[in-house]
Amino acid sequence: MQEKRGMMKVWNVWLVFCTFLLCILGTFLTRSGIVSSVHAFANSQIGPWFVGFMALTLCVCFAAYFINRDYLKSENVLDSVVSRESSFLFNNLLFLVACIAVLSGTLFPVFSEWFTSNRISVGAPFFNKVMIPIGLAILFLTGVGPLLAWRRTSAESLKRNFLWPTIFGIISGALALLLGYRDSFSAVCLFLCGFVAWAVVLEFYRGAKVIAARSSVNLIVACQELAMRNTRRYGGYVVHFGMVLIFIGLAGAAFNTDVQKAMNLGDSMQVGPYKLILQSADAKAEKNYTSDRMIVEVLKNNKQLMLLYPEKRKFQRENQQPGTMVAIYSTLREDLYVVFAGQDEATNLPVIHTFLNPLVKWIWLGGAVVVLGTILAILPNRKTFIALAAVPQAVTIPGAAPALNPSITLREGHD
């Protein structure tokens with residue numbers, strides 16, 4: 001927006017300032033011991049130094065802003081709420097709200113101890129309740145932004161640009177319901193994933209169609225040429241598509257299931273469509289550890305699928321420190337994790353803990369696509385050149401002025 005319209009200069013500068021300050025704040029939280037966490041270090045006396053550094057940095061930020069405030073004045077105003085500028089602004093506000101929500105949940109134990117002398121922690125339910133609606137709104141704006149025009153978007157343009165993404169989103173949501181994903185948030189998420197994915201495909205198709213018509217190449221080559229002409233824009237679209245894949249994976253989290261059972265040899269447990277039978281157990285010794293291993297047969301629809309080998313290891317060089325080796329069966333639809341959780345104290349039988357998590361692999365695929373989109377975005381744009389073809393002979397155009405006689409000499413200096 002700053003490049004295209006000369007707007008939001010102050011906003012951009014303060015986003016940069018706050019990003020740096022939050023990085024220092026995160027380091028302060030982990031190094032000072034003020035927040036109890038598995039990521040925190042031991043208590044130390046370094047905390048006041050971080051506070052002083054943040055205060056000094058904040059003073060420098062304010063000074064830099066006031067010195068340059070005339071240069072940072074906006075050159076334009078927001079013409080319409082239904083425009084690409086407004087989608088950028090709302091997107092920024094949602095990310096800011098998400099940042100505040102995470103920060104407040106992280107610091108809540110500290111504030112509660114200051115005001116009530118009791119340290120009260122908030123867990124995953126708080127963050128899930130707050131962040132899921134924010135995440136869905138950000139996903140929606142990811143698809144809306146490219147479909148809106150700068151300055152103002154007409155009703156006709158809205159109808160034309162939103163029709164097919166909306167239809168594809170409805171189809172995606174209906175397909176999710178048919179496949180059994182009937183959680184309300186997950187259904188909305190998968191609808192939005194379809195909407196955003198089609199919006200990205202539409203942006204590539206429109207640009208590639210023009211290049212294909214002009215250059216007489218197929219759409220795949222045209223898409224490649226289109227992306228290389230404006231790498232930052234289309235690299236961003238690839239990143240958006242990667243985020244769609246990640247959100248598909250996150251939508252499956254509502255259907256995670258797990259079963260834990262003490263099992264004797266030959267016993268079985270049912271997890272979703274999978275039946276697990278404990279076939280045998282053995283022990284093995286390696287160079288630096290010994291392990292107790294369970295051999296679990298996995299069946300799906302009464303057909304043998306594979307054998308899984310969850311283990312408990314004890315490492316000799318680390319004071320018999322135990323380690324759990326999870327056995328995994330992974331597909332695009334779901335991941336099956338089988339864990340040897342130890343011995344049951346009452347029966348001395350091995351305890352098998354099984355997790356069935358749908359759509360996990362989509363998160364990994366989405367992360368890879370995000371990396372590829374980022375690489376594309378930082379590549380330099382390919383420059384376009386106009387190639388002029390030589391004309392083998394003079395072409396006479398009816399009604400045009402006759403060509404000059406070659407014997408006539410043209411002199412410079414005349415009007």
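The values are calculated or read from the model by the stated rules, or taken from the named source; none is laboratory data. Computed from a predicted model, the values in this text were never measured in an experiment. Positions of Cβ are backbone-derived with ideal geometry, glycine not excepted, and every protein chain shown enters the neighbour counts. Surface accessibility is based on the protein's heavy atoms, side chains included, excluding ligands, DNA and RNA. Shrake-Rupley method; radii C 1.70, N 1.55, O 1.52, S 1.80 Å.
Just the residues that are among the aliphatic types (A, V, I, L, M) and assigned to a loop (DSSP other than H, G, I, E, B), please, taken from segment 362-384.
Taking segment 362-384 as the starting set, the residues that turn out to be among the aliphatic types (A, V, I, L, M) are 363, 365, 368-372, 375-379.
Passing the criteria: only Leu379.
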May I ask you to say which residue of Gly207, Gly236 is within 17 Å of the chain's Cα centre (by Cα), on the phi < 0 side of the Ramachandran plot and of a type outside the set (Asp, Glu)? Gly236
Is at least one residue of segment 81-92 without any contact (Cβ under 8 Å) to a residue 60 or more places away in the chain, open to solvent by less than 40 Å² (accessible area, probe 1.4 Å) and of a type in the set (Val, Ile, Thr)? no
If you check every pair at least six apart or on different chains, which have Cβ atoms under 9 Å apart with a residue in segment 344-372 that is within 20 Å of Ala187 (Cβ to Cβ) first and a residue that is open to solvent by 80 Å² or more (accessible area, probe 1.4 Å) and hydrophobic (A, V, I, L, M, F, W, C) second? Leu359/Leu250; Leu359/Leu332; Trp362/Leu250; Trp362/Leu332; Ile363/Leu250
Report whether or not Ala149 is of a type outside the set (Val, Ile, Thr), closer than 26 Å to Gly235 by Cα and either open to solvent by less than 20 Å² (accessible area, probe 1.4 Å) or in a loop (DSSP other than H, G, I, E, B) (or both). yes
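Can you say whether Ser121 is in contact (Cβ under 8 Å) with a residue 12 or more places away in the chain, of a type in the set (S, T, N, Q) and within 20 Å of Phe247 (Cα to Cα), as far as the supplied structure shows? Walk me through how you get there before you give the answer.
On the way: in contact (Cβ under 8 Å) with a residue 12 or more places away in the chain: yes; of a type in the set (S, T, N, Q): yes; within 20 Å of Phe247 (Cα to Cα): no.
The answer is no for Ser121.
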Restricted to segment 233-268 and to residues being closer than 17 Å to Ser172 by Cα and of a type in the set (Phe, Trp, Tyr), the residue surrounded by the fewest Cβ atoms within 10 Å (Cβ to Cβ) is Phe241
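Mind checking whether some residue in segment 12-23 is within 26 Å of Gly123 (Cβ to Cβ) and at pLDDT 90 or above? Write out each step before concluding.
Taking segment 12-23 as the starting set, the residues that turn out to be within 26 Å of Gly123 (Cβ to Cβ) are 22-23.
Then keep just the ones that are at pLDDT 90 or above; that gives 22-23.
Yes: segment 12-23 contains one or more residues that are within 26 Å of Gly123 (Cβ to Cβ) and at pLDDT 90 or above.
What tally of residues in segment 341-355 results from selecting those that are out of contact with any Asp or Glu (no Cβ under 6 Å at 6 or more places or on another chain) and open to solvent by less than 70 Å² (accessible area, probe 1.4 Å)?
Taking segment 341-355 as the starting set, the residues that turn out to be out of contact with any Asp or Glu (no Cβ under 6 Å at 6 or more places or on another chain) are 341-350, 352-354.
Now drop any that are not open to solvent by less than 70 Å² (accessible area, probe 1.4 Å), which leaves 341-342, 344, 349-350, 352-354.
Counting residues in segment 341-355 that are out of contact with any Asp or Glu (no Cβ under 6 Å at 6 or more places or on another chain) and open to solvent by less than 70 Å² (accessible area, probe 1.4 Å) gives 8.
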Filter segment 100-118 down to the residues that are farther than 13 Å from Val35 by Cβ and touching a helix residue (DSSP H, G or I) at 6+ places or on another chain (Cβ under 7 Å), then identify the one that is most open to solvent (accessible area, probe 1.4 Å). Asn118
With respect to Ser86, is the statement that it is assigned to a helix (DSSP H, G or I), among the small types (Gly, Ala, Ser) and out of contact with any Gly (no Cβ under 6 Å at 6 or more places or on another chain) true? yes
Spot the failing condition for Lys4; the list is (1) closer than 30 Å to Arg233 by Cβ; (2) surrounded by 13 or more Cβ atoms within 10 Å (Cβ to Cβ), and only one is missed. (2)
I need a count of the residues in segment 207-264 that are touching a residue at least 60 places away in the same chain (Cβ under 8 Å), among the polar types (S, T, N, Q) and more than 30 Å from Tyr181 (Cα to Cα). 3
